[in-house]
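Remarks on the structure that follows.
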Amino acid sequence: MTSATRSDPLHVAFWLVELGIPVFAAPPLEQTPTRNSEFELPLGWQESPPTANLSEWQPGWALCLFTGFGIDGVDVDVRGGANIELERRALDDLHVAIIGEVRTPSGGRHFYVPSAGLRSSNSRTHGVDFRGRGVDGSGGRYVYLPGTVRTRRSPGCYQWLETPNIDTVVSIELERARQWTYLESRGHRPTTTALRSR
């Protein structure tokens, strides 16, 4: 991919879809004091990847990558106290493959890592969230891609620093073990399946 096409968020989104990574567009919602959502997500998006509707995208809409189908995301929130370089080093030290990188509106990072069958989880103490999908299909989430402009919470846009390198081939089991260790060190309780009540 050339630097010119990297700078076109819609081109990158179409390229990801061609590689089998689910990406969808979401129109903005009218904002009210009681509404938390900024964008109208497709019905049932949590159960299965939405159909790509990228041709409908226009400025002001969100571009969303559905995690768990080749790409997962480590969300480093500097407002939550996370340090970008410390998290990068922690991932590198455990040999977790960082296959892409996005600057978020708040100045944080989305580090993209290969999907390894781990469910999405949050850490209240480290400012690091994880977006993935369990081996049983549970716990799937999405991350905003460049092309999305936020108007609430952290107004601003997302920017590609490194488009995903899907050619990075790793052992899923080995990658899962590395990501599991990283997430535990950041206060997460990693799981691969939905917890069942007895």
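The values are calculated or read from the model by the stated rules, or taken from the named source; none is laboratory data. Fair warning: this is a prediction, and the values are worked out from it, not measured in the lab. Heads up, the Cβs are rebuilt from the backbone with ideal geometry, glycines too, and the neighbour counts pull from every protein chain shown.
Among residues belonging to the stretch 154-171 that are assigned to a loop (DSSP other than H, G, I, E, B) and modelled with pLDDT of 90 or more, point out the one that is surrounded by the most Cβ atoms within 10 Å (Cβ to Cβ). In this case the residue turns out to be 164. Just to be sure, is residue 140 touching a residue at least 12 places away in the same chain (Cβ under 8 Å), under 20 Å from residue 189 (Cα atoms) and buried (at least 19 other Cβ atoms within 10 Å of the Cβ)? In short, yes. Among what's in the stretch 132-153 and is modelled with pLDDT of 90 or more and of a type in the set (D, E, K, R), pick the residue that is farthest from residue 110 (Cα to Cα). Here the answer is 136.
Return yes when residue 77 is closer than 17 Å to residue 185 by Cα, over 17 Å from the mean Cα position of the chain (by Cα) and charged (D, E, K, R) and no when it is not. No; evaluated as a whole, the condition is false for this residue. Residues in the stretch 115-153 that are touching a helix residue (DSSP H, G or I) at 6+ places or on another chain (Cβ under 7 Å) and either closer than 19 Å to residue 103 by Cα or in a loop (DSSP other than H, G, I, E, B) (or both): 116, 117, 118, 127, 128, 130, 145, 146, 147.
Can you tell me which residue in the stretch 172-185 is farthest from residue 89 (Cα to Cα), limited to those that are of a type outside the set (Phe, Trp, Tyr) and surrounded by 19 or more Cβ atoms within 10 Å (Cβ to Cβ)? Step through it out loud before you land on a result.
Initial filter on the stretch 172-185 (of a type outside the set (Phe, Trp, Tyr)): 172-179, 181, 183-185.
Now narrow it down to the ones that are surrounded by 19 or more Cβ atoms within 10 Å (Cβ to Cβ): 175-176, 178-179, 183.
Numbers: 175: 16, 176: 18, 178: 13, 179: 13, 183: 14 Å.
Among residues in the stretch 172-185 that are of a type outside the set (Phe, Trp, Tyr) and surrounded by 19 or more Cβ atoms within 10 Å (Cβ to Cβ), the one farthest from residue 89 (Cα to Cα) is 176.
Contact map, the stretch 12-28: residues that are of a type in the set (Ser, Thr, Tyr) paired with residues that are surrounded by 22 or more Cβ atoms within 10 Å (Cβ to Cβ), Cβ distance under 7 Å, separation 6+ or inter-chain. No pairs are found.
Quick one: how many residues across the stretch 136-154 are more than 18 Å from the chain's Cα centre (by Cα) and of a type outside the set (D, E, K, R)?
As a first pass, look at the stretch 136-154 and keep what is more than 18 Å from the chain's Cα centre (by Cα): 136, 151-152.
Then drop every residue that is not of a type outside the set (D, E, K, R), which leaves 151.
Final tally of qualifying residues: 1.
Of all residue pairs spaced 6 or more apart or on separate chains, those with beta-carbon atoms under 8 Å, a first member in the stretch 179-193 that is more than 16 Å from residue 133 (Cα to Cα) and a second member that is among the charged types (D, E, K, R) and at pLDDT below 90 are 187/124.
Which of the residues that make up the stretch 148-186 are among the basic types (Lys, Arg), in contact with a strand residue (DSSP E or B) (Cβ under 7 Å, 6 or more places away or on another chain) and over 28 Å from residue 25 (Cβ atoms)?
Going through the stretch 148-186, the residues among the basic types (Lys, Arg) turn out to be 150, 152-153, 176, 178, 186.
Still in the list and also in contact with a strand residue (DSSP E or B) (Cβ under 7 Å, 6 or more places away or on another chain): 150, 186.
Result: 186, single match.
Could you name every one of the strands (runs of 3 or more DSSP E) located completely within the stretch 5-113 that has at least 1 residues being surrounded by fewer than 20 Cβ atoms within 10 Å (Cβ to Cβ)? Can you show your working first?
Working: elements: 23-26, 62-66, 71-76, 100-103.
Strands (runs of 3 or more DSSP E) meeting the threshold: 100-103.
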